[in-house]
1. Would you tally the residues in the stretch 26-44 being part of a helix (DSSP H, G or I) and either open to solvent by 40 Å² or more (accessible area, probe 1.4 Å) or touching a residue at least 40 places away in the same chain (Cβ under 8 Å) (or both)?
2. Please work out which residue is modelled with the lowest pLDDT, limiting yourself to the stretch 138-193 and to residues that are in contact with a helix residue (DSSP H, G or I) (Cβ under 6 Å, 6 or more places away or on another chain) and polar (S, T, N, Q).
3. Whether any residue in the stretch 46-57 is within 23 Å of Asp130 (Cβ to Cβ) and out of contact with any Phe, Trp or Tyr (no Cβ under 8 Å at 6 or more places or on another chain) is what I want to check.
4. Go through the stretch 52-88 and count every residue that is aliphatic (A, V, I, L, M) and either more than 20 Å from Met126 (Cβ to Cβ) or not in a helix (DSSP H, G or I) (or both).
5. So if I check each of Asp163, Asp146, Asp167, Asp137, which one is within 12 Å of Ile79 (Cβ to Cβ) and open to solvent by 40 Å² or more (accessible area, probe 1.4 Å)?
6. Are there any pairs with C-beta distances below 8 angstrom linking a residue in the stretch 110-124 that is part of a helix (DSSP H, G or I) to a residue that is surrounded by 12 or more Cβ atoms within 10 Å (Cβ to Cβ) and of a type in the set (Asp, Glu), with the two at least 6 apart or on different chains, and if so which?
7. Given the conditions (1) open to solvent by 20 Å² or more (accessible area, probe 1.4 Å); (2) at pLDDT below 95; (3) within 20 Å of Arg124 (Cβ to Cβ), which single one is not true for Gly23?
Amino acid sequence: MNHLAHTFLAPDSPEARVGSILGDFSRGVDWSALPPPVLEGVRHHLAVDVFTDKHPEVLASKQLFSKERRRFAGVALDILYDHFLLRHWCRFADCESGEFVQTVYQELQRHEQVMPPAMVKVTRRMVEHDWFGAYQDLGNIGFALDRVAGRIRFPNQFTGIIDEIRDNEPELEANFLTFFPELQTFARQFPNV
């Protein structure tokens, strides 16, 4: 899952939503120094990732990618799933996506003191450039994935993976729509799962 989905699935508190993104930046962070609700968000993030990585629909979606790009399919799906979540927001949420996104952006700005420097840098860019809003457009997903490809430190064929996403979009979307409600149920039951 990517940042929007993690915040959407997180326990319902600003601190837990911040922690749900901190899960991607927790290397080197002193977990014992985190406020309990932030730590709950980090743990929730990790549990969601484990559930996602083992889910049959996610595994089936990864197989839709070419051998040359399958190594990066998980990264592509993480970002694509934010797009599908926005596309089908009304199936999963009682509030408007724009209202939720603005709330999360405000929470991130108010809780920078618990973030490591790398996360502060990323979340400031996220807010400034409205990454979540941009994810509504599939073309922007391709742009985001190509930016990720540019940061990989070894030769790869990840650039252009949006072409394979477009070729397989109906099946990828159907798999998401089967998988995500199950993930929502799992996320609601955390930490009792």
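1. Initially, the stretch 26-44 is screened for residues part of a helix (DSSP H, G or I), giving 31-33, 36-44.
Checking the rest, the ones that are also either open to solvent by 40 Å² or more (accessible area, probe 1.4 Å) or touching a residue at least 40 places away in the same chain (Cβ under 8 Å) (or both) come to 31-33, 36-38, 40, 43-44.
Number satisfying all stated conditions: 9.
2. Gln157
3. If we filter the stretch 46-57 for residues that are within 23 Å of Asp130 (Cβ to Cβ), which is where we start, we get none.
For the stretch 46-57, residues within 23 Å of Asp130 (Cβ to Cβ) and out of contact with any Phe, Trp or Tyr (no Cβ under 8 Å at 6 or more places or on another chain): absent.
4. Taking the stretch 52-88 and keeping what is aliphatic (A, V, I, L, M), we get 58-60, 64, 73, 75-77, 79-80, 85-86.
Of the ones still in play, those that are also either more than 20 Å from Met126 (Cβ to Cβ) or not in a helix (DSSP H, G or I) (or both) are 58-60, 64, 73.
Residues flagged as aliphatic (A, V, I, L, M) and either more than 20 Å from Met126 (Cβ to Cβ) or not in a helix (DSSP H, G or I) (or both) within the stretch 52-88 amount to 5.
5. Values: Asp163 fails: within 12 Å of Ile79 (Cβ to Cβ); Asp167 fails: within 12 Å of Ile79 (Cβ to Cβ); Asp137 fails: within 12 Å of Ile79 (Cβ to Cβ).
Being within 12 Å of Ile79 (Cβ to Cβ) and open to solvent by 40 Å² or more (accessible area, probe 1.4 Å) holds for just one of Asp163, Asp146, Asp167, Asp137, which is Asp146.
6. From the stretch 110-124, the pairs are Val114/Glu15; Met119/Asp24; Val120/Glu112; Thr123/Glu112.
7. It is condition (1) that Gly23 fails.
This table checks each residue for (1) aromatic (Phe, Trp, Tyr); (2) open to solvent by less than 20 Å² (accessible area, probe 1.4 Å); (3) under 24 Å from Ser13 (Cβ atoms).
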| residue | (1), (2), (3) |
| --- | --- |
| Ser61 | no, yes, no |
| Leu77 | no, yes, no |
| Arg91 | no, no, yes |
| Gly98 | no, no, yes |
| Val101 | no, yes, yes |
| Val104 | no, yes, yes |
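The values are calculated or read from the model by the stated rules, or taken from the named source; none is laboratory data. Not measured: the values here are computed from a predicted model. Using ideal geometry, Cβ is built from the backbone for each residue, glycine included, and neighbour counts are taken over all protein chains shown. Surface accessibility is based on the protein's heavy atoms, side chains included, excluding ligands, DNA and RNA. Shrake-Rupley method; radii C 1.70, N 1.55, O 1.52, S 1.80 Å.
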